[in-house]
Amino acid sequence: CVEVGAGAGEWLVAQAAAHRGAAWVAIEPQLDRVHQLWCKVQLRRLNNVHICAAEAATALKLLPAAAVDAVHLRFPYPPPLELRDLTADAPPGGGFLAASLITDLLRALKPGGELHLVTNEPACCVLLLALVQAHPASAQLRSEHGEAGFARSLEAPGPHGSFFDAVLAERGHRKDHS
């Protein structure tokens with residue numbers, strides 16, 4: 001299994017500890033987070049975690065084709081989007097969340113493999129769905145959440161919104177929740 005953008009590794013380390021028979025690859029470009037992830041792996045004495053300190057575009061190309069059971073992209077950093085970008089005929093290009101990322105993710109998956117995309121950002125959700133639906137292989141994909149392709153979490157957001165709400169508020173893109 002692969003997690004793209006593993007961050008400090010909380011989720012991946014928990015999964016690797018619970019599923020010690022599976023190999024886990026953490027892809028994370030930020031070295032401070034890689035260090036935190038490595039420390040967690042060492043403290044838990046996990047020998048089934050491999051850490052790749054690189055951008056996703058580079059790391060995914062190093063994986064053999066059709067070699068991975070599941071790829072997880074959890075809570076990617078939302079791109080700077082304007083609402084007009086989301087209503088365009090084609091998804092906006094450039095940056096981390098681009099059509100090439102979907103191609104690289106799908107190339108790494110085994111036939112019948114699972115692609116898990118998780119976000120709590122509405123704009124990011126719209127972009128991810130648009131990228132997947134616009135991909136040439138989209139006809140071969142199915143969502144466990146029906147035609148809409150997503151499911152709402154039953155978890156209530158925190159009192160100040162998500163981490164990304166705060167980041168976007170700081171950038172002047174969203175009202176501060178405090």
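Throughout, read-outs are computed from the coordinates displayed, never taken from laboratory work. Note that the structure is a prediction, hence the values are computed from the model and not measured.
Values computed for the structure shown
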{"item": "J(HN,Hα) series, the range 35-48, from Karplus relation 6.51 cos²θ - 1.76 cosθ + 1.60, nearest Hz, glycine and proline x", "result": "4, 4, 4, 4, 4, 4, 4, 5, 5, 8, 6, 8, 10, 10"}
{"item": "Extension gain (nm, one decimal) between D69 and L46, 0.36 nm per residue minus Cα-Cα", "result": "6.3 nm"}
{"item": "Cα gyration tensor, the range 1-48 - rounded (a/c under 1.5), prolate or oblate", "result": "oblate"}
{"item": "For V118, residues with placed amide H under 5 Å, excluding near neighbours", "result": "L73, R74, F75"}
